[in-house]
Structures are given as C-alpha cells and as structure tokens.
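The structure appears below as structure tokens.
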Amino acid sequence: MKKDILFEVSTPIGFDITVTSDWWNYIVTVKHPIMFGRELDVQSVLKLPDEIRQSRKDPSVFLFYRVERSKRWICVVAKKCNGEGFVITTYITDAIKEGERIWSK
C-alpha cells in the first residue's frame, strides 16, 4: 500500500525527506499545533536551512534550523534510516540545541 505523501524534499546534505499526510496531521494536532498550516515553511527549512546539526544522542538524527525572527528559529528534526529520511517533529524554538554543526549556509 502506497503511503499518502504530503511532500518530499531534497536536503543539502544528500538525502530526501518524505512526510506523509497522516504524520503531518499527528505533528500539528498532537505534538506542535503551532506548526499547523506551516508545511511550506517546513519544506523551506529542509531545502534551505541556515544550519544543520547532528544529534549528540543519535547520529542518524539531524536538526535543521532557519531563522524566523530575532532569537526565534524553526527547527525540523529529521532522521535518516536505510537511506530514507523522515520528519520526527518540527517546532519553533528560542535556542539552537547542542550537537555538531555539520552544515551552514
């Protein structure tokens, strides 16, 4: 059965990220309702981030950051597994998390 893909984006670090409609709905209704209607912003962060960090706890997890306004970033947390990428979550933050910076614009 083919999953209902909402969007797919190529990242600057060489892998594509896919988001299904069901998962996006879960993110914006359960995890971070503030991200409702922000699909285009999330795609933009993944395509053209200001910075990408690798998780200290899990090297297959990457945090994509883009400035939204002064001292506020959109963060998209994605995982690369078996060559495929998917969004774990996305949210607005006032601080960039620790982790190794692996890419910056």
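Inspect all residues belonging to the range 63-70 and state whether any of them is modelled with pLDDT of 95 or more, among the aromatic types (Phe, Trp, Tyr), within 14 Å of Tyr91 (Cβ to Cβ) and part of a helix (DSSP H, G or I). There is no residue in the range 63-70 that is modelled with pLDDT of 95 or more, among the aromatic types (Phe, Trp, Tyr), within 14 Å of Tyr91 (Cβ to Cβ) and part of a helix (DSSP H, G or I). Counting only residues that are β-branched (Val, Ile, Thr), outside any loop (DSSP other than H, G, I, E, B) and either surrounded by fewer than 12 Cβ atoms within 10 Å (Cβ to Cβ) or touching a helix residue (DSSP H, G or I) at 6+ places or on another chain (Cβ under 6 Å) (or both), the range 6-26 holds 2 of them.
In the list Ser21, Ser55, Ser60, which residue meets the criterion of being touching a Gly at 6+ places or on another chain (Cβ under 7 Å), among the small types (Gly, Ala, Ser) and within 15 Å of Thr89 (Cα to Cα)?
One residue alone meets the criteria, Ser55.
Just so you know, in the range 27-53 the residues that are among the aliphatic types (A, V, I, L, M) and touching a helix residue (DSSP H, G or I) at 6+ places or on another chain (Cβ under 9 Å) include one that is surrounded by the most Cβ atoms within 10 Å (Cβ to Cβ), and it is Val42.
Quick test for you: out of Pro49, Pro59, pick the one residue that is without any contact (Cβ under 8 Å) to a residue 12 or more places away in the chain and within 21 Å of Ser10 (Cα to Cα). Lay out the reasoning, then the answer.
Working: Pro49 fails: without any contact (Cβ under 8 Å) to a residue 12 or more places away in the chain.
The conditions single out Pro59.
The values are calculated or read from the model by the stated rules, or taken from the named source; none is laboratory data. These figures come from a predicted structure and were not determined experimentally. Note that we place each Cβ from the backbone using ideal geometry, even for glycine, and neighbour counts take in every protein chain shown.
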